[in-house]
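Read through the structure below, which is laid out as structure tokens, and then see the notes.
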Amino acid sequence: MIQLYQFKLSHYCEKVRWALDFKKLSYEEVNLVPGLHFSKITKLGAEQTSVPVIKNGSSVVQGSSQILTYLDEKYPKNSLSPQDPDQLQECLDWEEFADEEIAPYLRVCFYYILLMHKKLLISYLTESTPSYNKILLYFLYPLLKKKMIAKMDLNLSSFEQAKIKLGDNILQVKNYLAGKQYLVGETFTRADLAMAALIAPVHRIEKFGFVPQGLPSELVKISEELSELSPWVKDLYQQHR
């Protein structure tokens, strides 16, 4: 059986969960905690320590886009990748846009606020893992916070810039979709899946797999301000998730 090594909260991991479910593949979720996950990922033989990672027999694949490609090649039924080369490239371009121009800015917005709420963030990061992880993360939190701030360059200026960039990029997608149901062609593809999965945390969608409870009011406000694609995202989740 396929094993998915993931952070339950991660929207990149949601891309893979959705793809696996869409293709009706059986898999086991191995839920990890940021900062406590390095050894498990390293033991798999992955090149980096990031998630998602899947292990399928002797195959280990890391990275959400790489995993989607692997799944379509290994299990072509219910393919998310068009056969037409031009449409495939268009899909990959939109997926890259979601990965590089949506997800990072959303992550900055969310974690800049959440790092001010220690108890809440620890509960999110340890979701679906053994209870002792909350205790471990409580003591490691100062170090984890320092590393997250450095890695994502979290500060008031980057937060304000991320909100602007995220709003502009979401509006760009909305304008492109005017009169369209899907980003590429007339069917649901990896482009739609990637875009919807990576924006989904804004909309707190039940089918995401993890809906944070008790969001700080600052994040609720941001979610409301970034609701331009909400109907489209919710419709994709309703029809294809």
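The values are calculated or read from the model by the stated rules, or taken from the named source; none is laboratory data. The structure displayed is predicted, hence computed values, not measured ones. Positions of Cβ are generated from backbone atoms using ideal geometry, with glycine treated the same way; all protein chains shown enter the neighbour counts.
Answer yes or no: is there a residue in segment 172-188 that is free of Cβ contacts under 8 Å to residues at least 12 places away in the same chain and either over 23 Å from Pro231 (Cβ atoms) or touching a Phe, Trp or Tyr at 6+ places or on another chain (Cβ under 8 Å) (or both). Yes, segment 172-188 has at least one match. The residues on offer are Ser59, Ser123, and the sole one that is farther than 30 Å from Glu225 by Cα, free of Cβ contacts under 8 Å to residues at least 24 places away in the same chain and among the small types (Gly, Ala, Ser) is Ser59. Check segment 178-192 and report whether any residue there is modelled with pLDDT of 95 or more, under 13 Å from Ala98 (Cβ atoms) and out of contact with any Asp or Glu (no Cβ under 7 Å at 6 or more places or on another chain). For segment 178-192, residues modelled with pLDDT of 95 or more, under 13 Å from Ala98 (Cβ atoms) and out of contact with any Asp or Glu (no Cβ under 7 Å at 6 or more places or on another chain): present. Selection of helices (runs of 4 or more DSSP H) fully inside segment 150-241 by the criterion of at least 3 residues being in contact with a helix residue (DSSP H, G or I) (Cβ under 8 Å, 6 or more places away or on another chain) and closer than 26 Å to Ile122 by Cα returns 156-176, 190-203, 217-225. If we scan segment 8-18, do we find a residue that is under 19 Å from the mean Cα position of the chain (by Cα), within 24 Å of Leu106 (Cα to Cα), surrounded by 16 or more Cβ atoms within 10 Å (Cβ to Cβ) and hydroxyl-bearing (Ser, Thr, Tyr)? Yes: segment 8-18 contains one or more residues that are under 19 Å from the mean Cα position of the chain (by Cα), within 24 Å of Leu106 (Cα to Cα), surrounded by 16 or more Cβ atoms within 10 Å (Cβ to Cβ) and hydroxyl-bearing (Ser, Thr, Tyr).
Does Ile222 count as closer than 24 Å to Ala19 by Cα and either in the same structural domain as Asp168 (by TED's automatic domain parsing) or surrounded by fewer than 20 Cβ atoms within 10 Å (Cβ to Cβ) (or both)? Considered against the rule, which asks whether it is closer than 24 Å to Ala19 by Cα and either in the same structural domain as Asp168 (by TED's automatic domain parsing) or surrounded by fewer than 20 Cβ atoms within 10 Å (Cβ to Cβ) (or both), Ile222 comes out as no. Applying the criterion of being part of a helix (DSSP H, G or I) and in contact with a His (Cβ under 9 Å, 6 or more places away or on another chain) to the residues of segment 1-23, the residue that is nearest to Asp72 (Cα to Cα) is Phe22.
The set of residues in segment 121-143 being among the hydrophobic types (A, V, I, L, M, F, W, C) and either touching a helix residue (DSSP H, G or I) at 6+ places or on another chain (Cβ under 7 Å) or assigned by TED's automatic domain parsing to the domain that holds Phe7 (or both) consists of Leu121, Ile122, Leu125, Leu137.
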